[in-house]
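Take a look at the structure set out below.
The values are calculated or read from the model by the stated rules, or taken from the named source; none is laboratory data. Every value quoted in this text rests on a predicted model; they were computed, and no experiment measured them. Note that we place each Cβ from the backbone using ideal geometry, even for glycine, and neighbour counts take in every protein chain shown.
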Amino acid sequence: MTAPGLHYTIDVRLDTGRNRLDGWTTIRYRSGADSALPAIHFHAYPNAFSGPRTIYAREGERQAEKYDIRFARPSERGWMTIDSVTADGAPARIVMNETLARVDLPHPLAPGDSVALRLHFTVQIPKQFDRFGHTGNAYSIAQWYPKVVVYDDLGWHLDPFHFMSEFYGEYATYDVTVTLPDRLWVGATGVPCGAEGGDNEIPRFPAETPRDSVTVSMGVVLADSLAGRWPAGTLDVETDLELPHGSPPVTIAVPRQGHATLRVPRGSPVHYSYHWKDAKGVALEEADAAGRPGPLRLILAARDLAVQDTLRALAAKAGPRDTILPSLKTLRFRAERVHDFAWVACPDYVGSDTTWAGIEVSALVFREDAAKWREIKAQTVDALRHHTRVVGPYVWPRFTATEAFCGGGAMEYPMLVMDEPAMNSGLVRSLDDTNAHEVGHEWFYGMLGSDERAHPWMDEGFTQYIEHDYTDAKYPHGLFRHVDRFPWVGRISALDLDEQSYLARAWARDERPIATPADGHPGYPTYGVAAYSKPASMLHTLRGMVGDSLFTEFLHLYYRRNLLRHPRPPDVIRAADGATGQDLAPFFRSWVETIDRPSFALGAIRRERAGADYRTSVVVVRKEAMVLPVTVEATFADGTRQERRILARDRRTPAVFESRSPLRSARLDPRHEIIEMDRLDNGSGTLPPMRFHFLTGFPSAEAIGVSYGPTIWHGDEEGLRLGGWMDGRYLPSGDFPCGIYGFDGGLSYGARDGSVAYRAGLWGRAGVLGARSRLRTLIARDEGLFRAGLHAENTAMAPARRHPYRSWKLSAEYRDRSELRAVDPQYWSSGKTWNGGLALGLETIGPRHSESVQIEYRRGISVGADQHHPLSTWNYNWLRLTANQNLSPLPGGLKASWRIAAGTAFNQAPSELQFDIAEESRLDALDRFYANDRGPLRESDHFLVPGGGGARGYSGRAILGKRLLAATLEIEHAEYPVYLFSDAGRVEGPIASPAGRAHSGRRRRGRPIRADRRGVSCLGRQPRIRGEFLACPVAILGRDGPSPHAVAIRGSM
């Protein structure tokens, strides 16, 4: 088996009116197979977007709960057809199977022989789903042509377009001709080789446009075909010169006799076109040789000059149902030794060019983003320089970085990368970080062409690592832009993010081996860790094991041996062994083929006197299965330090130190050279390491992140309350919002009444309860309410954080409100309460809908909770069911949601557990201390404390009872900030009225307590501001209550 030979000649036209490509390709294929090939196989990737039944679309729904193709209009989907196939001029049969095609050759292709295939193909460009598509007039053209499938020693790699997979291609030469409207500027794989009918002299970044200008004198004469037809109106010249502050492009009028003058930047490309306005005011455009409107003319002036143009024809004016194609140009590109070809096109591009190490480097960005992206060219050069030093030389003559819509943040192709507009951030250096990653793919994917489906870690993992190395070297204080102004937030790096991402999946017991093929993952969370985060963590650990110089030699050797080839995992191991002289196969086997986890702790320390010296044994405890060498650092009383590197094969392995003074402290892995599950037990101190942040900060695997801040509050009874709070979390993530371990606390003092309030809580993951479990204890006292509780909870998810989510929570709590009356007694009962609870929850998602259901049961004992019988004791039972569903998108761009709440309390439940027609019970709002006594929650912040019956018209009404039935319905339009809603509810039992009086709840004339509400609300978009305008009626309470005809006009912000 030898490498095949492959040459593409592609001639394609872009029809922007129909968003369609039409082209011919001639492919010369030389077989490297050991046996005759009866057929040649192709990828037809655009068919992945043809409908909801494709492999790509079905996997997207299953793996990412993504339904955009299902609900896309037919005109928004994409497809490819291939016809008119010949092989060496003879007709050949083609068989299409979604994203794969087979061309049956008239005669089998013998080993070493060549065949010339000619195919006609048509491609419908979809809206941007993933990599290939258009967003408005911006085109990202990737995976767009019939691409030959790789044939190697494993045979044909007949991989369809998978949702979770990238690509594998054979190295080839590409000669590509693109015909498209004159006003589109193009960036592409390869080197430009000429243009016809127009040019690709892209306007420069405004900041790089020379301030020095020259004068261009412009005159126009009419060809014989337009003789005597000089416009009675004006002849205008529209340029792409842009004035400062986003002013429209410059337009000048050319007189019939004489010239118009235009000032243009010296040496900068300026394009212009002629617009004709006749006596009736009808606007026409100049036509090109084919009669198409709007050809662009180019000025590239280094000095003052005169331009004399001849207008030869005017474009016909389109009728009501006519479509007139714009003026077209043809661009040619050539690329050698690449395995794919991609291009972008947009009329709004501006560009910037430079040369580094003999390589032409270009940057294309949308004109409106030029100021924000002004550093992209320099950042690209920085990344090329770094990656060349760390890995090896960039072998191609040109590289282009573009701002483009590609549906996934960013995407790489040979000699070209696409970065989404959203990658630029004012808070973190995400654009430089992301662009460095994509540039890194020119090595790991481009020049080292591994199979991205079978071995995704070989391109993504290595690229992720050199991205870390680049940003760590360039930004030693981290990626946060404003760390100099807010130093207390701490440092956050790309490696920190990947380390925490990997550890979150490992702690959740929701990971797959690194060796898992891309299409073998259940969803992106496991794919992202196995392909990106964990391999980068592995390489970071390997560097710590072998040292910087040997690790760099490993990368160089891997690059040299596999340049412009298709390496596989054994090639990585051979390069590592060769560079280090070690047998690293067990290291890679543990990281790549298993889900063994690295975790070590500092164990017992034993000190002995040996004459005048000391002998100290420090035990390293291996808590998980992975075996790694670990550095132990010992610090002695005289200030000296020693290190020992031990291989932790056994569960307990001692490191022995001899010194002249006693040991003061010991620490594992002092330079963070390995990634491990829990670093809090790596030191000999009594308390775990902590990093303090004022108000907020970035998490770190090195220590518990402790946020702290002041408490300033004014209460009705205590007056001004002053104090402070703190919240500590270790490794918070989506799976563990409060961290693997954590604590919180608060202390405040009421200036008026001298009351002291405090809160202290502690929690941690308890693996025996579930992978995402939390066990929490809490003690708190606030305004005479003392409570202590123990809570256990867990959420079970389908692999890769997919739905359904199943949650449970067990709680046991004691509450004592005997010492101080409640400020608002309609919400709180005096006395003592013991209660336990169980809550079960379910969340699901599907096409156009998502649902959640929760059922909660509580049983308790109250003592002295009845103001008429202070010594009474009774049991109570409490049950609540809530269900809601969101429906989106519905026909016409509508969204809808509904919610049902039903509950009942048996015997005499305390007031804090009464059901409210509008909002959550006071007990369930205790996480916000100000909710303790301050009347209705919605008067403080309704939308932070949702719940109860949800009837928004009764915000602040204190309508509580023992039984609740309520429903809400809301409808809004996806594009307009208006929604309609209707709420209705019923609450029964001993009820607190709006005036705070207790009602017996007796039925009068068969009418129970009821509440109904309808209304209209408007909300803005950013930020979302909500106003409630109308509610009626308020309540029907019987003869002793308010008038049943009362109408309330209520509003809240």
### Query
Would segment 328-337 turn up any residue that is in contact with an Asp or Glu (Cβ under 9 Å, 6 or more places away or on another chain), of a type in the set (D, E, K, R) and closer than 30 Å to P4 by Cα?
yes
### Odd one out for P397, checked against (1) modelled with pLDDT of 95 or more; (2) in contact with a Pro (Cβ under 8 Å, 6 or more places away or on another chain)
(2)
### Message
Pairs needed: first member in segment 962-973, more than 13 Å from R986 (Cβ to Cβ); second member anywhere, of a type in the set (S, T, N, Q); C-beta distance under 7 Å; at least 6 residues apart or different chains.
### Response
L969/S982; E970/S897
### Query
How many residues are small (G, A, S) and more than 18 Å from G5 (Cβ to Cβ) if we restrict to segment 95-128?
1
### Query
Scanning for something farther than 20 Å from W144 by Cα, at pLDDT 95 or above and either of a type outside the set (K, R) or assigned by TED's automatic domain parsing to the domain that holds L100 (or both), does segment 71-83 turn up at least one residue?
no
#### Entry: So T594, is it polar (S, T, N, Q) and surrounded by 14 or more Cβ atoms within 10 Å (Cβ to Cβ)
no
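To keep it simple, each residue is scored yes or no on (1) out of contact with any helix residue (DSSP H, G or I) (no Cβ under 9 Å at 6 or more places or on another chain); (2) within 23 Å of P847 (Cα to Cα); (3) not assigned by TED's automatic domain parsing to the domain that holds R565.
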residue	(1), (2), (3)
K66	no, yes, yes
T86	yes, no, yes
M96	no, no, yes
G112	yes, no, yes
### Message
assigned to a strand (DSSP E or B), on the phi < 0 side of the Ramachandran plot and at pLDDT below 90: is that true of A788 in this structure?
### Response
no
### Summary
If we ask which residues in segment 270-295 are over 20 Å from W230 (Cβ atoms) and surrounded by fewer than 19 Cβ atoms within 10 Å (Cβ to Cβ), their number turns out to be 3
### Message
From the list V123, V103, exactly one residue is touching a residue at least 40 places away in the same chain (Cβ under 8 Å), under 28 Å from T26 (Cβ atoms) and in contact with a helix residue (DSSP H, G or I) (Cβ under 8 Å, 6 or more places away or on another chain). Which is it?
### Response
V123
### Message
What's the number of the only condition in (1) within 30 Å of L687 (Cα to Cα); (2) of a type in the set (D, E, K, R); (3) touching a Pro at 6+ places or on another chain (Cβ under 7 Å) that E593 fails to meet?
### Response
(1)
### Task
Given the conditions (1) on the phi < 0 side of the Ramachandran plot; (2) crowded, with 17+ Cβ neighbours inside 10 Å, report the number of the one that A800 does not fulfil.
(1)
### Task
Any residue in segment 216-229 that's in a helix (DSSP H, G or I): show its pairings with residues that are of a type outside the set (D, E, K, R) at Cβ separation under 8 Å, as long as the two are six or more apart or on different chains.
S225/A313; L226/L311; L226/A313; L226/L314
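Could you check segment 725-762 and list, in sequence order, the residues that are among the acidic types (D, E) and either surrounded by fewer than 18 Cβ atoms within 10 Å (Cβ to Cβ) or at positive phi (or both)?
We begin by selecting, within segment 725-762, every residue among the acidic types (D, E); these are 727, 735, 744, 753.
Residue satisfying the conditions is D753 alone.
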### Query
What is the one condition in (1) surrounded by 20 or more Cβ atoms within 10 Å (Cβ to Cβ); (2) outside the structural domain of R561 (by TED's automatic domain parsing) that K623 does not satisfy?
(1)
### Task
Check segment 647-662 and report whether any residue there is under 33 Å from the mean Cα position of the chain (by Cα), within 23 Å of I605 (Cβ to Cβ) and touching a residue at least 24 places away in the same chain (Cβ under 8 Å).
no
### Message
Would you confirm, using the coordinates I've provided, whether F743 is more than 26 Å from the chain's Cα centre (by Cα), in a strand (DSSP E or B) and free of Cβ contacts under 8 Å to residues at least 60 places away in the same chain?
### Response
yes
### Query
Restricting attention to segment 200-212, which residues are surrounded by 10 or more Cβ atoms within 10 Å (Cβ to Cβ) and modelled with pLDDT under 90?
P206, A207, E208, T209, P210
#### Entry: Any strands (runs of 3 or more DSSP E) falling wholly within segment 312-379 and containing at least 3 residues that are out of contact with any Pro (no Cβ under 8 Å at 6 or more places or on another chain), farther than 24 Å from P206 by Cβ and touching a residue at least 24 places away in the same chain (Cβ under 8 Å)
328-338
### Extreme residue, farthest from P265 (Cα to Cα), among residues of segment 190-208 that are in a loop (DSSP other than H, G, I, E, B) and of a type outside the set (F, W, Y)
G190
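Name every residue in segment 830-845 that is on the phi < 0 side of the Ramachandran plot, touching a residue at least 60 places away in the same chain (Cβ under 8 Å) and of a type outside the set (S, T, Y), in order of residue number.
Across segment 830-845, the qualifying residue is only I845.
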